[in-house]
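Student: Just passing along the structure, written as structure tokens.
Computed from the coordinates by the stated procedures, all read-outs in this text should not be read as laboratory data. As the structure is a prediction and not an experimental result, all values here were calculated from the model. Here the Cβ positions follow ideal geometry from the backbone for every residue, glycine too, while neighbour counts run over all protein chains shown.
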Amino acid sequence: MTARIACVETFVVTLERDTPYLGPLGPGDRMTPGGYLVRAGNRTVYPSVDRSVLVRITAADGTVGWGETYGIVAPGAVTEIIDDVLAPLMLGRDACAPSVLHEDLYDLMRVRAGSAGLWGDALAALDIAAWDLFGRLTGQPLSHLLGGRRHARIPAYASGLPRATLAERVALARAFGDRGIDAVKYAAVVSHEGIVEEMRALREALGPRARLMVDLHWKFDAAQALALSDRLAPSNPLFIEAPCAPEDLEGQARVAAGSRVPVALGEEWHNVHEALPRFERRAMSIVQPEMAHTGVTEFMQIARLAQAFGMQVMPHATIGVGLFLAASLQAASVLPHVAMHEYQHSVFDRHLGLLRTSMRCEAGFYTVPDGPGLGAEPSESLWPHARAVGRVA
């Protein structure tokens, strides 16, 4: 089959929300004039809305592929990278060679912008769209293009307890149990009553069989993280996530070597080159590739590396309309060692109606979407929330 890319378009989707991501503002949190929220707990900026960048790639015969990446901070930077630099170089390229296209685009800015950050996010959106287009041109789901689907359903863990008080967060966790979800991760950045205290309260409320996790959001140095791990260990958490700053490779490795609780990493990686030094140092035992940062090609390379190192894969997923999540489920369904997939309930549940898809999360399991490519595409209800940014044809 010969099909050529004829058009690349970018869109920014913005969806208002009553409660900010992770929960209400806490002590020391502040809003910027531009509408961003800075969390005092980890000194990190978040949006007060849900926002992502969509990409539409159209082949010469009119077939369309969709991609998505984060647009939660400075989405215009991502769209500018695509519209000004990458999209013009994609025109006329083979629409059935997504990995080749990704490698060529990756090479373009190695000595300028590097391979991560917003440049990496732009690459991820285009890579997801290119794989979706390939699947739609061939009539095959992404999982088949990646080697074959092993799982029609993938276990899900509920991520985040966005309530103001510990009692309310425990009540929300109980409600997940009533829905058949016995795996819950809470966010240390909003554990205002104490990280250890929240773990103890959840364990007491949910019982010994519940799988509990905590995202430490890069809050600690290695010594602090190890001390915290010792205090958390009696509650038997499944893992602690992101204990140290992403750039602190030595600290990550030190925590993984000394922690009584397994360590999970990977949310911020954009490619296998960022991941490899952490594998070599065994800085984690659970790997969390984030499709919105990696795209399909790098996601699969990281996941296969995890398989070679004997590590579990539990893909990460945060703010989006669901297109990159569909890609993540498709890719995860191929893997023999995928343990669970993150379920961002406060995002997924209210955005699902924006897509045409069979993807669902019910009774503690994701249903991997059917259909060609991602098995998901925007519905008419999405477009009132979208702003067209660029078109290169």
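Student: Residues with amide H under 5 Å of residue 267's amide H, sequence separation 5 or more or different chain, H placed in the peptide plane at 1.01 Å from N; which?
Tutor: Counting only residues 5 or more places away or on other chains, the set is 288.
Student: About the Cα centre of the chain, how large is the charge dipole given +1 on each Lys and Arg Cβ and -1 on each Asp and Glu Cβ? Please answer in debye to the nearest 20. Spell out each step's value before the answer.
Tutor: Details: 36 positive and 43 negative charges, 158 e Å.
It comes to approximately 760 debye.
Student: Out of 224, 252, 312, any idea which swings most in a Gaussian network model of the chain, alpha carbons joined below 10 Å?
Tutor: Greatest mean-square fluctuation among the candidates belongs to 224.
Student: For log10 I(q)/I(0) by the Debye sum over Cα atoms at q = 0.11, 0.13, 0.14 Å⁻¹, the choices are (i) -0.75, -1.07, -1.25; (ii) -0.83, -1.15, -1.31; (iii) -1.06, -1.19, -1.23; which was calculated from the structure?
Tutor: For log10 I(q)/I(0) by the Debye sum over Cα atoms at q = 0.11, 0.13, 0.14 Å⁻¹, the calculated option is (i).
Student: Top mean-square fluctuation among 123, 133, 101, Gaussian network model of the chain, C-alpha springs under 10 Å?
Tutor: 101
Student: Can you give me the distance in nm between label points at residue 16 and residue 89, each placed 7 Å from the Cα along the Cα-to-Cβ direction?
Tutor: 4.0 nm
Student: Which whole DSSP H helices in the chain pass both tests: a Cα extent of 30 Å or more along the axis and a mean Kyte-Doolittle value no lower than -0.5?
Tutor: 117-138
Student: Then there is this: Viscosity 0.692 mPa s, temperature 37 °C: what is the translational diffusion coefficient of the range 145-378 from Stokes-Einstein with a Kirkwood Rh over Cα pairs, rounded to a whole number of µm²/s? Could the numbers behind the result be given before it?
Tutor: Values: Rh = 17.9 Å.
Estimated via Stokes-Einstein, D reaches 184 µm²/s.
Student: So what is the diffusion coefficient of the range 339-393 in µm² per second by Stokes-Einstein at 4 °C and 1.567 mPa s, using a Kirkwood Rh over Cα pairs? Walk me through the intermediate numbers first.
Tutor: Values: Rh = 13.1 Å.
Estimated diffusion coefficient is 99 µm²/s.
Student: OK, next. Where does the charge balance sit around residue 269 when Lys and Arg score +1, Asp and Glu -1, over other residues with C-beta under 9 Å from its C-beta?
Tutor: Numbers: positive: 278; negative: 267, 268, 274, 290, 298.
Residues close to residue 269 contribute a combined charge of -4.
Student: Related question: Given a 10 angstrom Cα cut-off, can you work out which residue in 173, 156, 74 is the most mobile in a GNM of the chain?
Tutor: So, out of 173, 156, 74, the one fluctuating most is 74.
Student: Given the DSSP H assignment, sum -39500 (n - 2.57) over each helix run of at least 4 residues in the chain and divide by its residue total; what's the result at 222 nm in deg cm²/dmol, nearest 500?
Tutor: Numbers: 13 runs with 136 residues, N = 393.
That comes out to -10500 deg cm²/dmol.
Student: Right, something else. What GluC sites (Glu not before Pro) does the range 186-253 have in DSSP loop regions with at most 15 other beta carbons within 10 Å?
Tutor: Working: sites: 193, 197, 198, 204, 241, 247, 250; in loops: 193, 247.
Taking the range 186-253 and a limit of 15 other Cβ atoms within 10 Å, the loop GluC sites (Glu not before Pro) found are 193, 247.
Student: Under a no-solvent Debye model with one identical scatterer per Cα of the range 126-284, what's log10 I(q)/I(0) at q = 0.10, 0.19 Å⁻¹?
Tutor: Rounded to two decimals, the profile gives -0.47, -1.11.
Student: Rank 273, 90, 42 by how far each Cα sits towards the positive end of the charge dipole of the chain (+1 on Lys, Arg Cβ; -1 on Asp, Glu Cβ) and give me just the farthest.
Tutor: Final value for the positive-end residue is 42.
Student: Fewest first, what order do 105, 172 take by the number of other Cβ atoms within 10 Å? The partial results should precede the final answer.
Tutor: Numbers: 105 22, 172 18.
Ascending number of Cβ neighbours within 10 Å: 172, 105.
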